[in-house]
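Worksheet for the structure shown next.
The values are calculated or read from the model by the stated rules, or taken from the named source; none is laboratory data. Nothing here was measured: the structure is a model prediction, and the numbers come from that model. When we count neighbours, we look across all protein chains shown, and the Cβ atoms used for this are built from the backbone with ideal geometry, even at glycine. The accessibility values were calculated without ligands, DNA or RNA, using every heavy atom of the protein model including side chains. Shrake-Rupley method; radii C 1.70, N 1.55, O 1.52, S 1.80 Å.
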Amino acid sequence: MTTIVEAIRNLLLSNKWYKVKVRNQEWYETIGVKMCFEIDVDDLNIYFPHMDLYMAKARSEYLMKTHEDGIGEVIETLKQNIYTRQAVISGFDWWWYDHLWCVWGIQFLVRENKLHSLIYLRSSNLWRALPYDLHALLSVRKIILRELKLSKLSLGSVYYFAGSAHVAVEDWSKFLWHFGVKESEVEIHEDLGR
């Protein structure tokens, strides 16, 4: 079993990172991100102690309220065929504060009596947004598991796919320290369009 800490550490050490400038802010960014890990919503604050739990719960509740029909459809789809590949919540076209929500879709698959979650993102701030996105996903996953009422079914892995993952320059040192990585261990390329 891979923890989220191991997955992010591996991402830092194995991916090529770029220093880029987007909307007048500098970021460290990597592209084509794929991670797989196991985590429970109740453990998120252990891995991300900087997460505001009140904000995380508010964001999760907002997701569940705005996508209540989609969550219900996922539950019904899985009840009709537990092995379906069509248990998907998509169309995250609403805005959160001042920008478009980064999540494109969430898929739920049952294999080997485990409910796996696949999250697809256009972009992900690994330090400031990931804990909140995961809180929402994992909260929905627990509801789905509970509503399926299958005694042998348990929570499986989270598969995380992002076109771009980034960390603001001002958060970079904290981010590296938190995941036990030295800056000298990370492959960074300057790509500021200069």
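Where in the range 1-78 are there helices (runs of 4 or more DSSP H), lying fully within it, with 2 or more residues that are closer than 14 Å to SER139 by Cα and open to solvent by 70 Å² or more (accessible area, probe 1.4 Å)?
By residue number, 53-66.
Residues of the range 105-140 being within 12 Å of the chain's Cα centre (by Cα), open to solvent by less than 10 Å² (accessible area, probe 1.4 Å) and in contact (Cβ under 8 Å) with a residue 60 or more places away in the chain, which ones?
SER124, LEU126, LEU130, PRO131, LEU134, ALA136, LEU138
Could you look through the range 141-163, keep only residues that are among the small types (Gly, Ala, Ser) and under 13 Å from the mean Cα position of the chain (by Cα), and pick out the one that is most open to solvent (accessible area, probe 1.4 Å)? Full working, then the answer.
Quick first cut of the range 141-163, residues among the small types (Gly, Ala, Ser) only: 151, 154, 156-157, 162-163.
Pick out the ones that are also under 13 Å from the mean Cα position of the chain (by Cα) and you get 157, 162-163.
On the way: SER157: 12, ALA162: 7, GLY163: 42 Å².
The residue in question is GLY163.
Assess whether LYS182 counts as being among the charged types (D, E, K, R) and touching a helix residue (DSSP H, G or I) at 6+ places or on another chain (Cβ under 9 Å). Reasoning before the result, please.
Numbers: among the charged types (D, E, K, R): yes; touching a helix residue (DSSP H, G or I) at 6+ places or on another chain (Cβ under 9 Å): yes.
Criteria met by LYS182.
Which pairs have Cβ atoms under 8 Å, sit 6 or more apart or on different chains, and link a residue in the range 34-53 that is without any contact (Cβ under 8 Å) to a residue 12 or more places away in the chain and closer than 19 Å to ILE119 by Cα to one that is among the polar types (S, T, N, Q) and open to solvent by 70 Å² or more (accessible area, probe 1.4 Å)?
Partner pairs satisfying both residue conditions: none exist.
Taking the range 103-140, which residues are out of contact with any Phe, Trp or Tyr (no Cβ under 7 Å at 6 or more places or on another chain) and part of a helix (DSSP H, G or I)?
Result: LEU130, TYR132, ASP133, LEU134, HIS135, ALA136, LEU137, LEU138, SER139, VAL140.
Can we say ARG85 is out of contact with any Leu (no Cβ under 6 Å at 6 or more places or on another chain), under 22 Å from VAL169 (Cβ atoms), in a loop (DSSP other than H, G, I, E, B) and open to solvent by 30 Å² or more (accessible area, probe 1.4 Å)?
Values: out of contact with any Leu (no Cβ under 6 Å at 6 or more places or on another chain): yes; under 22 Å from VAL169 (Cβ atoms): no; in a loop (DSSP other than H, G, I, E, B): yes; open to solvent by 30 Å² or more (accessible area, probe 1.4 Å): yes.
It is false that ARG85 is out of contact with any Leu (no Cβ under 6 Å at 6 or more places or on another chain), under 22 Å from VAL169 (Cβ atoms), in a loop (DSSP other than H, G, I, E, B) and open to solvent by 30 Å² or more (accessible area, probe 1.4 Å).
Quick check on my filter: what residues within the range 147-167 are farther than 23 Å from THR3 by Cα and outside any loop (DSSP other than H, G, I, E, B)?
GLU147, LEU148
Open to solvent by less than 30 Å² (accessible area, probe 1.4 Å), of a type in the set (A, V, I, L, M) and without any contact (Cβ under 8 Å) to a residue 60 or more places away in the chain - does that describe any residue in the range 164-176?
Step one: of the range 164-176, the residues open to solvent by less than 30 Å² (accessible area, probe 1.4 Å) are 164-168, 171-172, 175-176.
The next check asks that each one be of a type in the set (A, V, I, L, M); those that pass are 165, 167-168, 176.
From what is left, the residues that are without any contact (Cβ under 8 Å) to a residue 60 or more places away in the chain are none.
Checking the range 164-176: not a single residue is open to solvent by less than 30 Å² (accessible area, probe 1.4 Å), of a type in the set (A, V, I, L, M) and without any contact (Cβ under 8 Å) to a residue 60 or more places away in the chain.
Residue by residue, here is whether (1) of a type in the set (Lys, Arg); (2) closer than 27 Å to VAL20 by Cβ holds:
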residue: GLY105; (1), (2): no, yes
residue: PHE108; (1), (2): no, no
residue: ARG122; (1), (2): yes, yes
residue: SER139; (1), (2): no, no
residue: SER154; (1), (2): no, no
residue: ALA162; (1), (2): no, yes
residue: LYS174; (1), (2): yes, yes
residue: GLU183; (1), (2): no, yes
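Please go through the range 109-152 and give me each residue that is farther than 22 Å from LEU53 by Cβ, among the basic types (Lys, Arg) and out of contact with any Leu (no Cβ under 9 Å at 6 or more places or on another chain), ordered by number.
Correct list: ARG111, LYS149, LYS152.
Could you check the range 88-104 and list, in sequence order, the residues that are at positive phi and either open to solvent by 70 Å² or more (accessible area, probe 1.4 Å) or modelled with pLDDT of 80 or more (or both)? Steps first, please.
Our first condition is that a residue be at positive phi; within the range 88-104, this holds for 91, 97.
TYR97 - this is the single residue of the range 88-104 that is at positive phi and either open to solvent by 70 Å² or more (accessible area, probe 1.4 Å) or modelled with pLDDT of 80 or more (or both).
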